[in-house]
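The structure under discussion appears below in the form of structure tokens.
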Amino acid sequence: MAQNSTTPNSLAPNSSAPNSPASPLPISAIVIPVTPYQQNCSLVWCTQTMRGAVIDPGGELERIRNVAAERGVTIEKVLLTHGHLDHAGGATGLARVLNVPIEGPHQDDLFLLEDLSRHAKRPGFSESESCQPDRWLADGDTVTFGAAELGVRHCPGHTPGHVVLYHAGAKIAFVGDVLFAGSVGRTDFPKGNHAQLVDSITTRLWPLGDEMRFVPGHGQMSNFGWERKTNPYVSDLALGRD
Ligand SMILES: [Zn+2]
Ligand SMILES: [Zn+2]
């Protein structure tokens, strides 16, 4: 699933619109592709307090910490979308060195998190450790860092415990391997379910609005409206809902 992202990629949600309101948006984020799978780890922070969270630290922990230091962000939490190695492998190590809690995913991914240390001999995954989150997440929960708050949607299908995190005001979602620009998550892993994945996308992501931009677990950003028009797996046309 490696795609073509390379260096840290600023989302700059508060500088993109020419007519943006005078008050800056409450969060900012930067994408840091990590591991041999170029997984889109995100550093997201509250612009008011400069306190933030790392979403899906699959590995390359020193690099993630360096990006946070360069941006002046104090990491106070690790957040996980799901239990796959390239997303969650470094969570335990990062949480330990920073002395911060791990929140997410949904508890149905426990079977994956318990097993992560098994992969530590794989090239590029030496930091992988099994993971016991401090808090499981459920649909409708919120997570906080600084003065900012993200909403939680439980989106099973790629894995049973996959969650998506979003900020309604900044119109940005971190969707892990549920949805990609032009594609959807694989469902050929243990406990994957394609029909359930499509249901998660159409009933739990589309209601967040066409304007919602998203950082997928791999590859380029997109927004829900564009995917509803063009995605061959979940467009309204492909699903016969046009
Ligand atoms: Zn995955
Ligand atoms: Zn992935």
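FYI, it's all coordinate maths here, none of it is from the lab. Predicted, not measured: the structure shown is a model, and the values here were computed from it. Methodologically, a virtual Cβ is constructed for each residue, glycine included, from the backbone with ideal geometry; neighbour enumeration extends over all protein chains shown.
Segment ARG186..ALA168, full-extension length gain: 3.8 nm, with 0.36 nm per residue of separation and the alpha-carbon distance subtracted. Dipole check for the chain: with +1 at the C-beta of Lys and Arg, -1 at the C-beta of Asp and Glu, and the Cα centre as origin, the magnitude is about 340 Debye. Over the residues of the chain, the helix contribution to mean residue ellipticity at 222 nm works out to -4000 deg cm²/dmol, using -39500 (n - 2.57) for each DSSP H run of at least 4. Annotation for THR74 and THR230: the two label points, set 7 Å from Cα along the Cα-Cβ direction, are 4.2 nm apart. With the charge dipole of the chain set up from +1 on Lys and Arg Cβ and -1 on Asp and Glu Cβ about the Cα centre, the Cα lying farthest toward the positive end among the listed residues ALA88, MET221, VAL175 is that of MET221.
Segment 68-134 and segment 210-230 have Cα centres lying 25 Å from one another. Coupling constants for segment 57-63 follow from the phi torsions by the Karplus curve (6.51 cos²θ - 1.76 cosθ + 1.60, θ = phi - 60°), and in residue order they are x, x, x, 6, 5, 5, 5 Hz; glycine and proline get x. Per-residue Karplus couplings for segment 79-88, computed as 6.51 cos²θ - 1.76 cosθ + 1.60 with θ equal to phi - 60°, are listed in order as 10, 10, 7, 6, x, 5, 3, 6, 9, 10 Hz, Gly and Pro entered as x.
Between the amide H of VAL215 and those of ALA173, PHE174, VAL175, distances stay under 5 Å, these residues lying 5 or more places away or on another chain, with hydrogens modeled in the peptide plane. For the chain, the relative contact order comes to 15 percent (Cα pairs under 8 Å, sequence separation of at least 6).
Beyond 35 Å, the tail of the calculated P(r) for the chain holds 8 percent of the Cα pairs. For LYS229, the lysines whose Cα comes closer than 22 Å to its Cα, not counting residues fewer than 8 places off in the same chain, are LYS171.
Remark on LEU79: its backbone amide H falls under 5 Å from those of VAL54, ILE55, ASP56, GLU103, a criterion applied only to residues 5 or more positions apart or on other chains, H modelled at 1.01 Å from N. Proximity of backbone amide H atoms, modeled 1.01 Å from N, is registered between GLN39 and VAL34 at under 5 Å, excluding neighbours fewer than 5 places apart on the same chain. Name all residues of segment 158-195 having a backbone nitrogen under 11 Å from the label point set 7 Å from the Cα of THR202 along its Cα→Cβ direction, giving them as ranges. Taking a point 7 Å out along Cα→Cβ of THR202, the residues of segment 158-195 whose backbone N falls under 11 Å are 195. Note on PHE111/LEU239: beta-carbon distance plugged into 1/(1 + (r/R0)^6) with R0 of 30 Å gives a FRET efficiency of 0.50.
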